[in-house]
Amino acid sequence: MTTFASESPNTGEAANADEPSSLISTLPGDYYTDPAIFALEQERVFETMWFCAVRAADLTKPGSFRTVQVGRESVIVSRARDDSVKAFLNVCRHRGARLCTDESGEVKRAFQCPYHAWTYGLDGRLIAAPNLTSMPDIDRTEYGLSRVHVREWLGYVWVCLADTPPSFEEQVMGDVIDRLGDIESIDNYAVADLGLGRRITYDVKANWKLIIENFMECYHCATIHPELTEVLPEFADGYAAQYYVGHGAVFGEQAKGFTVDGSEGFDRIPSVSAEQDRRYYAITVRPQVFVNLVPDHVILHRMFPLAHDRTVVECDWLYLPHVVGSGMDVDRSVELFHRVNQQDFDACERTQPGMSSRVYRKGGVLVPSEHHIGAFHAWLRERIGRLPVG
Amino acid sequence: MITVCRIEELPPGESLRITDGVPAPIAVFNADGTIYAVDDTCTHQDASLADGWLEGCFVECPLHTALFDLRTGMPTCAPAKTPVRTHQVSVENGHILLHISVGEPA
């Protein structure tokens with residue numbers, strides 16, 4: 001017997017005005033599947049906001065570079081001769097060929113286009129080109145590489161593709177302050193002075209917002225993160241550290257450290273305060289950074305949204321220099337959040353196909369412990385100029 | 001003979017491209033205190049050696065890394081095969097003077 005009467009088809013259109021008051025709507029499904037919406041996000045989010053691109057210490061000397069995808073643009077981030085970090089659009093000013101095709105590398109003293117050999121100094125200036133001396137009217141700065149704004153913070157190079165960047169203090173530091181209450185709370189971790197213990201890159205077949213939303217809530221923690229809830233028992237209640245301003249989740253009594261088996265971690269970062277000891281803090285810095293703070297290390301995720309259904313996440317585990325320098329075994333420490341990442345990204349990949357289901361056309365729902373995600377959705381809608389209808 | 005500049009206007013590691021009063025552009029270099037002058041245009045493809053990179057008494061073409069010995073004008077590696085002409089320079093009364101060679105390259 002069919003129960004799907006034609007006059008009231010169950011198309012999952014529950015997330016509406018008549019829904020129970022404990023539920024609020026998510027974004028509609030097309031926000032996760034429509035390339036046109038992703039294009040708006042590239043233009044109005046990733047290409048206009050500060051974007052955390054590269055760990056500064058990865059650029060070891062003049063000529064070191066990395067290329068990263070920021071919105072629709074490929075960006076070269078490199079160290080110049082004076083040791084400053086510069087960023088340029090990865091496009092030759094002559095005929096538009098991509099200058100650097102490698103993800104990282106080192107040039108001796110210049111970026112040279114492999115097509116016609118237009119050659120740019122590490123400051124972006126046009127140094128040489130075939131027959132350039134017979135074209136004295138070419139201004140070598142004007143036809144140098146297109147510069148992108150850079151800022152270094154937490155030991156990372158942040159870039160902004162906007163002509164006039166927003167205030168770094170308001171956009172980036174503001175998100176940290178909204179979460180932790182003040183900037184000193186993150187300064188205590190001396191993130192820029194830590195060394196890279198491990199980097200793992202995840203290629204996630206999911207929309208970037210699913211990853212953000214996942215990171216913002218802990219309703220899923222008891223279900224998919226057994227190791228994490230063992231170390232942070234309050235996570236089993238479903239309230240994320242991000243739910244309360246300034247709150248850090250307390251380590252369980254049994255946990256000696258923030259490790260996969262609760263075994264001892266490393267020395268506490270000296271400037272971490274007594275109140276911050278044995279606690280875990282998580283921060284989302286819109287639009288693409290997650291920071292996790294624990295007493296002996298910092299985990300920093302950078303997301304690179306590449307398509308509406310694909311996001312590359314580069315995750316760094318940062319430790320005190322002597323921990324990295326002496327080659328201490330960081331495996332159990334890394335393994336805890338690596339598992340969390342795998343569990344989370346599996347969940348996001350499991351969710352992505354559902355976004356194009358007719359049952360999700362108007363979206364799903366957020367339970368009270370997830371309601372703060374609604375603020376992220378409102379923020380996004382406003383940024384891309386798509387306010388809800390009605 | 002041409003007066004290039006005052007000696008302090010060409011510090012070590014720097015180069016100058018001379019176009020006035022010369023049949024073809026000439027590059028003048030200060031290689032750690034020794035002044036050299038050679039034809040400015042790379043013999044491989046039209047590029048200015050004055051825009052290149054000075055390494056000891058060699059200059060590397062900025063386009064395709066041909067390396068020329070500033071003492072002899074000889075290329076030391078591919079892709080250049082033909083030498084550049086060298087020109088005599090002297091320093092008198094604090095000025096760099098250029099004596100243009102009219103002969104064939106070495």
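Summary of computed values
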{"item": "Most positive-pole-ward Cα, A:342, A:323, A:366, against dipole of the stretch A:313-390 from beta carbon charges", "result": "A:366"}
{"item": "Radius ratio Rg over Rh of the stretch B:2-99, counting only Cα atoms, Kirkwood formula for Rh", "result": "0.94"}
{"item": "Residues of the stretch A:97-115 buried by at least 30 Å² on assembly (accessible area, 1.4 Å probe, chain alone as reference)", "result": "A:109, A:112"}
{"item": "Chain-alone versus full-assembly comparison, the stretch A:124-146, residues with accessible loss of at least 10 Å² (1.4 Å probe)", "result": "A:127, A:128, A:129, A:130, A:131, A:133, A:140"}
{"item": "MRE, 222 nm, helices only [DSSP H, n ≥ 4, -39500 (n - 2.57), over chain A, to nearest 500]", "result": "-5500 deg cm²/dmol"}
{"item": "For the protein assembly as shown, size of Cβ-based charge dipole, Lys and Arg +1, Asp and Glu -1, in debye", "result": "1140"}
{"item": "Distant-in-sequence amide H partners of residue A:296 (H built 1.01 Å from N, under 5 Å)", "result": "A:269"}
{"item": "All Cα pairs of the protein assembly as shown, percent lying beyond 29 Å", "result": "60"}
{"item": "Carbon and sulfur %, accessible surface of the stretch B:2-99 computed with the full protein complex present, 1.4 Å", "result": "49"}
{"item": "Accessible area per residue, Å², the stretch B:4-84 with all protein chains present, probe 1.4 Å", "result": "43"}
{"item": "Across A:108/B:81; A:61/A:205; A:205/A:362, pairs whose alpha-carbon gap is larger than 31 Å", "result": "A:61/A:205"}
{"item": "Signed unit charges on C-beta, dipole axis of the stretch A:145-238, positive-most listed residue A:220, A:180, A:153", "result": "A:153"}
{"item": "Residue order for B:74, A:355 - accessible surface, 1.4 angstrom probe, largest first", "result": "B:74, A:355"}
{"item": "Rounded to the nearest 20 debye, dipole of the stretch A:51-160 from Cβ charges on Lys, Arg, Asp, Glu", "result": "60"}
{"item": "Dipole in debye (nearest 20) - the stretch A:160-212, about Cα centre, beta carbon charges: Lys, Arg +1; Asp, Glu -1", "result": "540"}
{"item": "Carbon/sulfur fraction of accessible area - the stretch A:168-383, other protein chains in place, 1.4 Å, %", "result": "49"}
{"item": "Accessible area, probe 1.4 Å, largest first, for residues A:67, A:101", "result": "A:101, A:67"}
{"item": "Cα centroid separation, the stretch A:220-283 to the stretch A:39-54 (Å)", "result": "31"}
{"item": "Loop sites in the stretch A:202-271: GluC sites (Glu not before Pro), DSSP, at most 13 other Cβ within 10 Å", "result": "A:253, A:264"}
{"item": "FRET E, pair residue B:17, residue A:331, Förster distance 60 Å, beta-carbon r, rounded to 0.05", "result": "0.55"}
{"item": "At least 30 Å² of accessible area lost relative to the chain alone, listed for the stretch B:61-83 with a 1.4 Å probe", "result": "B:62, B:63"}
{"item": "In the B-A interface, the accessible area buried, summed over both sides, Å² (probe 1.4 Å)", "result": "1100"}
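The values are calculated or read from the model by the stated rules, or taken from the named source; none is laboratory data. All of these numbers come straight from a predicted model, not from anything done at the bench. FYI the Cβ positions are ideal-geometry reconstructions off the backbone, even for glycines, and counts take in every protein chain you see. For the accessible areas, the whole protein counts, side chains as well, though only heavy atoms, and no ligand, DNA or RNA atoms are used. Shrake-Rupley method; radii C 1.70, N 1.55, O 1.52, S 1.80 Å.
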